[in-house]
1. In the stretch 268-278, which residues are part of a helix (DSSP H, G or I) and either hydrophobic (A, V, I, L, M, F, W, C) or surrounded by fewer than 21 Cβ atoms within 10 Å (Cβ to Cβ) (or both)?
2. When you go through LEU116, LEU135, LEU89, LEU153 one by one, which is the residue that is crowded, with 18+ Cβ neighbours inside 10 Å, modelled with pLDDT of 95 or more and within 19 Å of GLY34 (Cβ to Cβ)?
3. Take the stretch 92-110 and flag every residue that is surrounded by 21 or more Cβ atoms within 10 Å (Cβ to Cβ), of a type outside the set (Asp, Glu) and not in a loop (DSSP other than H, G, I, E, B).
4. What's the number of the only condition in (1) in contact (Cβ under 8 Å) with a residue 60 or more places away in the chain; (2) of a type outside the set (A, V, I, L, M); (3) in contact with a helix residue (DSSP H, G or I) (Cβ under 8 Å, 6 or more places away or on another chain) that GLY161 fails to meet?
5. Restrict the check to the stretch 193-211 and report whether at least one residue is touching a strand residue (DSSP E or B) at 6+ places or on another chain (Cβ under 8 Å), outside any loop (DSSP other than H, G, I, E, B), among the polar types (S, T, N, Q) and in contact (Cβ under 8 Å) with a residue 24 or more places away in the chain.
6. Given the criteria among the hydroxyl-bearing types (Ser, Thr, Tyr), under 24 Å from GLY272 (Cβ atoms), touching a Gly at 6+ places or on another chain (Cβ under 8 Å) and modelled with pLDDT of 95 or more, does THR65 qualify?
7. May I ask you to say which residue of LEU239, LEU265 is aliphatic (A, V, I, L, M), within 25 Å of LEU179 (Cβ to Cβ), modelled with pLDDT of 95 or more and within 17 Å of the chain's Cα centre (by Cα)?
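The values are calculated or read from the model by the stated rules, or taken from the named source; none is laboratory data. This one's a predicted model, so the numbers in the text were calculated from it and none came from an experiment. We place every Cβ from the backbone using ideal geometry, glycine too, and count neighbours over all the protein chains shown.
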Amino acid sequence: MRKILLFLLFVPVFALSQRDYSKMEIFHNELAPGMHRLFVGNVVTVVAFDGPDGLLLIDAAYEQTAPQMRDTINRMFGKPVKYLVNTHLHGDHTGGNIEFGKDAKVIAHQSVRDWLSSDRKQGDKVPGPMPDYALPSIFVENTMNLEFNGQTLEMYHLPGGHTTGDVVVYFPVSKVLVLGDLLFADNFPFIDMNNGGNPFTFIKNLKWIVDTFGNANIIVGGHGPVYTLDQLRNYIDTLTQTIDIIADEKEKGKSAEQIKQAIILGRWESYGKFFITEDRWIDTIYPIADKNWQE
């Protein structure tokens, strides 16, 4: 029986307080001209888009890694951030708002502002509301376009997958699609069902993305490696297979614990090595599993 990781429901295991954020390095690579992926501690992705109109960030990583991120951005671009897009509310994507919101206009779904302006719980701490300057002031409701650095950035609100406020961003000239935590590449995803997430909607939204952005060459998720569109299709197929297997076993009358003991997801063991283990994925799916879930 695999060891089950113990973690707090609302806070990813990689964001727990015992992590030494000061030692988290930021690795970067170019996705397209003027566009870079900044990978914080080999854990969470920030995308930087630079050009004549200024610098735009998609997500801001942790509050605790803001000094490293600021130094990296100053070294690479030598300018302040003009726009910051939050793909959703979680602290490993919005924590850096406390630094970059000083200069940038923050774009997100309304639910992100609601969360960050509340006494939200982060592990055993309640940090209190973020200052007003760090909160989103431009909101993506359904869709929004932004003319910036020679491209019309397309932003889409896709609710109910990872959280209620998921936003994806497409760069049509560069053909780069940024999905935030609608993609945990090569890993089982975290579905925040306490903040509007649902695994079946998660997959439905990914299928919509594949159908809508057939010209995308580079797919960037919030965690894990960069994907191609074909890799994203394979990811959807993998998650679908695992859900079908869990639903079938439940239909046979087996409990979640019996399913875990049988190691029915052993074929995808590598998918459980980051945050959501195979057992945790079973716990996510089992309560709502039904053989007709795709209908």
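1. Taking the stretch 268-278 first, the residues part of a helix (DSSP H, G or I) are 268-272, 278.
Scanning the stretch 268-278 gives TRP268, GLU269, SER270, GLY272.
2. Exactly one residue qualifies, and that residue is LEU153.
3. At the first step, the residues of the stretch 92-110 found to be surrounded by 21 or more Cβ atoms within 10 Å (Cβ to Cβ) are 92-97, 99-101, 104, 106-109.
Now restrict to residues that are of a type outside the set (Asp, Glu): 93-97, 100-101, 104, 106-109.
Within the stretch 92-110, HIS93, THR94, ASN97, PHE100, VAL106, ILE107, ALA108 qualify.
4. (1)
5. So in the stretch 193-211, the residues touching a strand residue (DSSP E or B) at 6+ places or on another chain (Cβ under 8 Å) come out as 202, 205-206, 209.
From the residues that got through so far, the ones that are outside any loop (DSSP other than H, G, I, E, B) too are 202, 205-206, 209.
Keeping just the survivors that are among the polar types (S, T, N, Q) gives 205.
Now narrow it down to the ones that are in contact (Cβ under 8 Å) with a residue 24 or more places away in the chain: 205.
Checked against the condition, which is being touching a strand residue (DSSP E or B) at 6+ places or on another chain (Cβ under 8 Å), outside any loop (DSSP other than H, G, I, E, B), among the polar types (S, T, N, Q) and in contact (Cβ under 8 Å) with a residue 24 or more places away in the chain, the stretch 193-211 yields at least one hit.
6. On the way: among the hydroxyl-bearing types (Ser, Thr, Tyr): yes; under 24 Å from GLY272 (Cβ atoms): no; touching a Gly at 6+ places or on another chain (Cβ under 8 Å): yes; modelled with pLDDT of 95 or more: yes.
Judged against the criteria, THR65 is not a match.
7. Values: LEU265 fails: within 17 Å of the chain's Cα centre (by Cα).
Of LEU239, LEU265, the one residue that is aliphatic (A, V, I, L, M), within 25 Å of LEU179 (Cβ to Cβ), modelled with pLDDT of 95 or more and within 17 Å of the chain's Cα centre (by Cα) is LEU239.
Condition check ((1) at pLDDT 95 or above; (2) aromatic (Phe, Trp, Tyr); (3) not in a strand (DSSP E or B)) across all residues:
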{"position": "ILE4", "(1), (2), (3)": "no, no, yes"}
{"position": "PHE10", "(1), (2), (3)": "no, yes, yes"}
{"position": "PHE14", "(1), (2), (3)": "no, yes, yes"}
{"position": "LEU38", "(1), (2), (3)": "yes, no, no"}
{"position": "VAL47", "(1), (2), (3)": "yes, no, no"}
{"position": "LEU56", "(1), (2), (3)": "yes, no, no"}
{"position": "ARG75", "(1), (2), (3)": "yes, no, yes"}
